[in-house]
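Every number in this text was worked out from the coordinates using simple rules, so none of it is lab data. All figures in this text were calculated on a predicted structure; none of them were measured in a lab. Glycine gets a Cβ as well: all are built from the backbone with ideal geometry, and neighbour counts include every protein chain shown.
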């Protein structure tokens, strides 16, 4: 090999490597300082690279680190191998080790080659300290600026003349491509600073597993900016208000211009962690509903962190994937449309609440009448207190629109509906009700039963269409119907009523102490060890321990002729009732917590057509089960039952309706969410009391 070629060879290799990097897109280990790897050996070793003699041109770009040669287009160049986290997850994560960089030269020297030698090859030229020779590696100082090759033998064209000096090619410093060091920083941040991004152990573990599986390659960033997924995530977080959430809770600082790889890694993890937070909030809510009361006992579907990241990163349409985390019920979507309208309109005028008072009948004189006129947009003198015919007609129109009996009487139910929007900001009520839709199981069943407690209604829904609805009686404010979701499994005909302990303790025991036979008029037996006992022989001053109370089947039975069972820890169910006159009232909160159903035969017919399909359970056939002893009918297809609490919803004609908050649950929801002008900022563990 000629001396010039020997010295130009590393330069050629460097140039080819730079071109290979450009074509293949894979890093060729470019050192940030432009001066090799900083190791004790030279940055490029022809021997290690496969250059064994002067004729081995094909080995010039032999694979570095067992990777395919850059010009082998038939094979893809794999990404740098990154170590995975310890399987036990208990040890600190080991940052990935990226390939050591080197600095390619821009061009080969234009100096002419040395003249040919006639005689035998001269001895190995003096190559200086640190420059690789054709054989062994020579560590040492940097290459000198010029090198003088051996003098040619006699007989050459220029006897005694010095050969032209071979100049060392200029070394051009080349910085690593943007994002090249991000995997290293990701591993370090997850190992040492994960608490900066998430507070929950399962979310931290999901982040670690997600990036280990990807060899710490980013998903939300690419190069020096955001990836397409990152842009979708950022846009989704910015539009969180359309889902009734606060965008401030999901704010991720934008990447600065010419961001460092550390800043890119930080943004990557912030976007991933915020994706977990957003998906959890929009799907299952921002606080634990049980904070309100023990009767608020829903079972929201909290998404698994690992599944969130897998779905988002693996989606061909990440925008739709983010949208799918929100509730998929039609009522939620209708509220979302109303929220968008209210956001465009801004807050409405503040309305003064109408005070409670005696039942207002047509023709009555009452100082609340001017407020009632103002609320319904009816003109009149401020000192005119007469509830006249014009105002009565306006009240009836309001009652019709709010789903109440159109009797023109202004009682608690009508007042509650009139005052529901008195705050002047319907947005808060819409947002609070959207939040409670997140408490309903996320998967929408093909058929389910929905009881809306403040509306005093039950509906059977099939494919998001109401196929049956009827009135119900719900629990009193002191005996609230719980909020829950369970599956209806069977029905019982001619049921006995086993009196719950709370009713025994709070209502029956005081009566028994005053009169041991007080329960006989209701047909309630006192039972001990399975046998009916004479209540007059019991010392009720010592309590009811050891005794149970049962009302046998019959006309006076509190459960009526049938009950529909969805087993739950609150021991509530849907049932018939002998007190049917209560269904005529607008405000129907009279039970001890169970839900009484109007016209239960029609209700049962619809349920059995879904739970016992193709068996022909008509009302006539069902009525044949009534009378005699208890009879059980198991459903082949269980139906989800949701006891829910929605004070604001969209009526069938498109109107936004707000009802009385009979249990105060809507007010409590607004307070916890900070919708009562008290801002509560989400933290990475969840808002307020994290779920």
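Report the calculated FRET efficiency for residue 614 and residue 333 (r = Cβ-Cβ distance, R0 = 45 Å), to the nearest 0.05. Don't jump to the answer; show the numbers that get you there.
On the way: r = 33 Å, r/R0 = 0.73.
According to the calculation, E is roughly 0.85.
With just the Cα atoms defining each centre, how far is region 383-402 from region 178-195? Give it in Å.
That distance is 67 Å.
Given a Förster distance of 45 angstrom, what is the FRET efficiency for residue 599 paired with residue 539, based on the Cβ-Cβ distance and rounded to 0.05? Write down the numbers at each step before the final one.
Numbers: r = 44 Å, r/R0 = 0.99.
Efficiency computed from Cβ-Cβ geometry: 0.50.
Using alpha carbons only, how many angstrom separate the centre of region 516-561 from the centre of region 452-492?
29 Å
Taking the Cβ of each residue in 468, 651 as the centre, tally the other Cβ atoms inside 10 Å and list the residues starting with the fewest. If you can, show how the numbers build up before the last one.
Details: 468 18, 651 12.
Result, fewest neighbours first: 651, 468.
Dividing the Cα convex hull volume of region 182-344 by residue count, how many Å³ per residue is that?
On the way: hull volume 21.2 nm³, N = 163.
Dividing the Cα hull volume of region 182-344 by its residues yields 130 Å³.
What whole-number distance in Å separates the alpha-carbon centres of region 575-607 and region 221-240?
After rounding, the separation between the Cα centres reads 52 Å.
In nanometres, what is the gap between the two model label sites at residue 465 and residue 671, each 7 Å from Cα along Cα-to-Cβ?
For residue 465 paired with residue 671, the spin-label model returns 4.3 nm.
Between residue 340 and residue 623, what length in nm is gained on full extension when 0.36 nm per residue of separation is reduced by their alpha carbon distance?
Fully extending the segment from residue 340 to residue 623 adds 97.0 nm.
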